[in-house]
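Laboratory data are not the source of any read-out in this text; all were calculated from the coordinates shown. Being a predicted model, the structure only gives us computed values, none of them experimental. Using ideal geometry, Cβ is built from the backbone for each residue, glycine included, and neighbour counts are taken over all protein chains shown.
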Amino acid sequence: MTTDHLDAQSLVLMERSEQGVLRLTLNNPASRNALSEAMLVSLHAAITEASSDPQVRVIVLAAKGPVFCAGHDLKELTAGRNAADNGRGYFTKMMHLCSTVMQSIVNTPKPVIAEVSGVATAAGCQLVASCDLAWADKVAQFSTPGVNIGLFCSTPMVALSRNLSNKHAMEMLLTGTMISAQRAAEVGLINGVVDSAELTTTTMAMAQQIAAKSSKTLAIGKRAFYEQQPMPLADAYAFASAVMVDNMLIEDAQEGIGAFIDKRIPTWSDQ
């Protein structure tokens, strides 16, 4: 695995494997990897760059230190109140920026896997929920604690409510209670829980398994998954049927079906 941008000032470290897995690591443990304006800008830039890079097939999102991500930088937000509008303009800017980053994770054609060690709270929990897949170690914990400080986690709610049942999401949002990794797996926030020593091995194995597929097919499937979710049943089937037809016509579908019939390993062109 090769490494880019590993100087101490980098907020998001980038490591690439030969299999096409890009690891993005939040690198500000002193600030609990808070989603400051600079962190959000850096993360968005990294995801945007990866989205158009044909060498990147899967993205793994990890973090350095005992906290995966503590959410927004509340000191930075509070400083915004010094403006004449009491911070409305800055708060609007920051919520838009954070929402843009979360949507970029969903909208990138690359599958994104969260590798969670430690605590993920508020917008940090939102970050996990926004990823396509997520694994955590046994010491990881999750919460949306905004209600405890008079600030309902409304933007984390968007991602949370699209992963959990209404009642499980509302329980987290209304109580602000910290839940264990095991409970997070039970309610659907993450895929599974492993020992800390096995976390990176687990996520990288999953990333490499996915990276071995046709990236064209993965991009078609990921986009279709999120687009059909809000549709009525009949509309979803009509949409998915059209996607299947288009998918059948790409080179990799012809190659993959042919390889299956011939009992050989397919060679993907990503076309």
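Which is farthest toward the positive dipole end of the chain among GLY146, MET102, GLY221, measuring Cα position about the Cα centre, with Cβ charges +1 (Lys, Arg) and -1 (Asp, Glu)?
Checked the options; the winner is GLY146.
Mind listing which chymotrypsin sites (Phe, Trp or Tyr not before Pro) in the range 83-158 are in a DSSP loop and have 16 or fewer other Cβ atoms within 10 Å?
PHE152
Cβ neighbours within 10 Å, averaged per peptide: list 166-174, 194-202 in order, most packed at the top.
So the peptides 166-174, 194-202, ranked by packing, come out 166-174, 194-202.
When the dipole is taken about the Cα centre of the range 2-211, and only Lys, Arg (+1) and Asp, Glu (-1) are charged at their Cβ, what size is it in debye, to the nearest 20?
So the dipole magnitude of the range 2-211 works out to roughly 500 debye.
Only bridges with both residues in the chain count here: give the DSSP antiparallel percent, nearest 5.
Rounded to the nearest five, the antiparallel share is 30 percent.
With each run of n ≥ 4 DSSP H residues scored as -39500 (n - 2.57), what mean residue ellipticity at 222 nm is computed for the chain after dividing by its residue count and rounding to the nearest 500 deg cm²/dmol?
-14500 deg cm²/dmol
Could you tally the net charge around GLN208, taking each other residue with its Cβ under 14 Å from the Cβ of GLN208, Lys/Arg +1 and Asp/Glu -1?
Net charge around GLN208: +2.
If the chain between GLN271 and SER196 were fully stretched, how many nm would it gain, using 0.36 nm times the residue separation less the Cα-Cα distance?
Length gained, GLN271 through SER196: 23.2 nm.
For the pairs LYS222/LYS263; LYS75/LYS222; LYS93/LYS222; LYS138/LYS213; LYS167/LYS222, flag any whose C-alpha to C-alpha distance is greater than 31 Å.
Exceeds cut-off: LYS75/LYS222.
Over all pairs of distinct alpha carbons, what does the Kirkwood formula give as the hydrodynamic radius of the chain, in Å?
19.6 Å
Using Cα springs under 10 Å in a Gaussian network model of the chain, which residue among LEU160, LEU77, LEU189 shows the largest mean-square fluctuation?
LEU77
Could you list which residues have their amide H under 5 Å from that of ALA122, counting only those 5 or more apart in sequence or on another chain, with H placed in the peptide plane?
The list, which skips near neighbours in sequence, is SER143, THR144.
Ranked highest first by average number of other Cβ atoms within 10 Å, how do 210-220, 116-126, 234-244 line up?
Result, highest mean first: 116-126, 210-220, 234-244.
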